[in-house]
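Report on the structure given below.
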Amino acid sequence: MKHWIGRRVVVQRRDGTKVAVEGVLKTWDSVHEKLVIVPGDVVVPFHAIAKIERADRSPSLNSIGYKINHSIQFDNAVYFRSHVMVWRGDSLAASQAILTAHDAETVTLSNGIRLRKDEHSFVVRSLRGRV
């Protein structure tokens, strides 16, 4: 199920605390038998899962993302205050970060954290269509 990481999912629960949880799958932890859904870092133990399915997309609102590779793309993300997903390898480090500055080697997030460009991937998520 690790191929679902970073995708929008709906988790149907069977433990009675909540009927369904919807969000982006942040981590799938086979060792501790749990998964984490963002936003909110909702932890769902494997034994409480009835079903996992991909979240439906509205036909008029399509999510499009692209990996930031060039300096001008970082400039635009900073200027337009775009929401950016930050990945470190296969792990989602931040689902809706906002970049405030960058240089040749680092990126500064709105919460003041500086990340190295060579250790992280930055994916701009934009919306296209009618809202």
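A few remarks follow.
- Label point distance in nm, Arg13-Lys117, each placed 7 Å from Cα along Cα→Cβ: 4.2
- Cross-link partners of Lys51 among aspartates and glutamates, defined as those whose alpha carbon lies under 16 angstrom from its own and excluding same-chain residues fewer than eight positions apart: Asp15, Glu22, Glu33.
- Low-density loop cleavage sites - trypsin sites (Lys or Arg not before Pro) in region 4-53, where at most 13 other Cβ are within 10 Å (DSSP): Arg7, Arg14, Lys18
- For region 60-110, taking the reciprocal of the average inverse distance between every pair of different Cα atoms yields a Kirkwood hydrodynamic radius of 11.7 Å.
- Whichever aspartates and glutamates have a C-alpha closer than 16 Å to that of Lys26, once near sequence neighbours (fewer than 8 apart) are set aside: Asp41, Glu53, Asp90
Each value in this text was obtained by applying a stated rule to the coordinates, not by laboratory testing. These numbers come from a predicted model, not from an experiment. Using ideal geometry, Cβ is built from the backbone for each residue, glycine included, and neighbour counts are taken over all protein chains shown.
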